[in-house]
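The values are calculated or read from the model by the stated rules, or taken from the named source; none is laboratory data. Keep in mind that what you see is a predicted model, and the values were worked out from it rather than measured. Ideal geometry is used to build each Cβ from the backbone, glycine not excepted, and the neighbour counts take in all protein chains shown. Remember, those area values only see protein heavy atoms, side chains included, never the ligands or the DNA or RNA. Shrake-Rupley method; radii C 1.70, N 1.55, O 1.52, S 1.80 Å.
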Amino acid sequence: MPRTKKKKSKGGQHGNVQPFSDEDASIETLSHCSSYSDTASVAEEGGEASEDAALEDFQYKLKGFIDSTVDKSAKTRQGALDGLKTAMATRILYEFISERRMTITDSIERCLKKGKGEEQRAAASLACLLCIQLGSGIESEEVFKTLKLIFKNILADGSANIQARQAVATSLGLCTLVAEDDILDVHATMECFENLFTRSYARMDGTCPLISPQTSQLHTNALLSWALLLTICTANQLKDVLRKHLPKLPRLLESDDVNMRIAAGETIALLFELARDMDAEFEFDDWDELCDKLNALATDCNKHRAKTDKRKQRSVFRDVLRAVEESDFQPETIRFGTERMIIDSWVRKRTYDAFREFVGSGMNYHLQANEFIRDVFELGPPMLVDSATMKAMKISRFERHLHNSAAFKARTKARSKFRDKRVDVGEF
């Protein structure tokens, strides 16, 4: 999904850099809404001038952050990386970033090679946000080709900082989805992930390998990135994966790490969905045994596990069990601005979760304004909504209070019916 090249703007010189603030993060939204106003009053012209000045000041800060990524102080570099991450997660900066992409890439490369721990982690996340901003095309491909080998070296290096490896495992997956132009290279990257998460497979006698919590998180991140890339595999590659990995993935359900168990369950559900899309009559040899395992996890009452872990696990595995047994998916509606998007499949869920992990609270804004993300979720071109319409859409605080109160009462009433009928009432 390459995007057309946009006109580039010239940058200026700058001095000391001021910290990035939440006020800066809202500038794009203000500009985005006001730019579609078709009135031309003097007051609006004054407002636009004010917004232009704020935007210029914001770009001035960003230039300072870019320069600070090569500072001698690790703390300064870390702050600059975090500032750029926040900006890219909350705003659309294509024109500004496009003409500076190689400078930013060089800074990321330097921080990944020479930085330590948190600095490497921030650099890996920034690389992913950079690709999201540039979209799928030549520009992001250039960025990824520069960083791909470094990512893989860090990922495979057992002596590297574990937090850096965790971040790289996540970033490499999404960068590959966005910027990789060769399906064979996608498969090679998936093999890198396989080399990690397969080490968490339970042994044939049912015992689990001794793995530290940090390493388990690394394997979980690798599994989730591997699952993300499954969504763009060819039919032949999927058949190979189903033959090679689907019989073994249930071993991860024995893991002591709740996050690994959940990631494994969601990946199994995703594989069943993809397999049935290719062949509606798809059958799995160990189907009964798998369903028994999923049902046990969906009703888990083991006292040695934390209540919060069990609650989260049961919720997920009820959905996974329905997916395996009935090919069912519980849809979720995402609302943003005047639009809505329905998450109606495991493929869509895995993709949405991957993007949201990087842009965080800015996800709704990116769904509205980021052309690349809108292409991924087939939302069409960004909708143009003027400020008057946006204002008319807003409900008052009183109306919002009434709605929340009604929802709270309904939720309390529904829960009270089942409060004495819980399956795990005896675990206390």
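Values for this structure:
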{"quantity": "Residue match in the range 113-125 (condition: surrounded by fewer than 24 Cβ atoms within 10 Å (Cβ to Cβ), over 27 Å from Thr231 (Cα atoms), touching a residue at least 24 places away in the same chain (Cβ under 8 Å) and not charged (D, E, K, R))", "calculated": "yes"}
{"quantity": "Looking only at the range 189-211, and only at residues there that are of a type outside the set (A, V, I, L, M, F, W, C) and either in a helix (DSSP H, G or I) or at pLDDT 95 or above (or both), the one that is nearest to the chain's Cα centre (by Cα)", "calculated": "Thr189"}
{"quantity": "Condition broken by Thr234, with the remaining ones in (1) within 23 Å of Ala296 (Cα to Cα); (2) modelled with pLDDT under 95 satisfied", "calculated": "(1)"}
{"quantity": "Output for the range 136-174, where each listed residue is open to solvent by 20 Å² or more (accessible area, probe 1.4 Å) and either touching a Gly at 6+ places or on another chain (Cβ under 8 Å) or aromatic (Phe, Trp, Tyr) (or both)", "calculated": "Asn161, Gln163"}
{"quantity": "Hits in the range 175-188 (condition: open to solvent by 20 Å² or more (accessible area, probe 1.4 Å) and in a helix (DSSP H, G or I))", "calculated": "Leu177, Ile183, Leu184, Asp185, His187, Ala188"}
{"quantity": "Subset tally (residues that are in a helix (DSSP H, G or I) and open to solvent by 20 Å² or more (accessible area, probe 1.4 Å)) for the range 222-247", "calculated": "9"}
{"quantity": "Flag for Ser387 being small (Gly, Ala, Ser), over 23 Å from Cys175 (Cβ atoms) and modelled with pLDDT under 95", "calculated": "yes"}
{"quantity": "2 or more residues among the hydroxyl-bearing types (Ser, Thr, Tyr) and either closer than 14 Å to Cys175 by Cα or in contact with a Lys or Arg (Cβ under 9 Å, 6 or more places away or on another chain) (or both): qualifying helices (runs of 4 or more DSSP H) within the range 42-161", "calculated": "94-98, 101-114, 138-156"}
{"quantity": "Selection within the range 316-333 - farther than 14 Å from Asp292 by Cα, surrounded by 16 or more Cβ atoms within 10 Å (Cβ to Cβ) and among the β-branched types (Val, Ile, Thr)", "calculated": "Val316"}
{"quantity": "Residues satisfying the stated conditions in the range 177-219, i.e. β-branched (Val, Ile, Thr) and in contact (Cβ under 8 Å) with a residue 60 or more places away in the chain", "calculated": "Val178"}
{"quantity": "The range 77-87: number of residues that are over 17 Å from Leu112 (Cβ atoms) and either open to solvent by less than 10 Å² (accessible area, probe 1.4 Å) or more than 23 Å from the chain's Cα centre (by Cα) (or both)", "calculated": "2"}
{"quantity": "Failed criterion for Asp300 (all others in (1) in a loop (DSSP other than H, G, I, E, B); (2) open to solvent by 50 Å² or more (accessible area, probe 1.4 Å); (3) of a type in the set (Asp, Glu); (4) farther than 28 Å from Val376 by Cβ hold)", "calculated": "(2)"}
{"quantity": "Given (1) in contact with a Cys (Cβ under 8 Å, 6 or more places away or on another chain); (2) without any contact (Cβ under 8 Å) to a residue 40 or more places away in the chain, number of the condition Glu254 does not satisfy", "calculated": "(2)"}
{"quantity": "Scan of the range 88-100 for residues that are open to solvent by 40 Å² or more (accessible area, probe 1.4 Å) and within 17 Å of Ile373 (Cα to Cα), ordered by number", "calculated": "Glu95"}
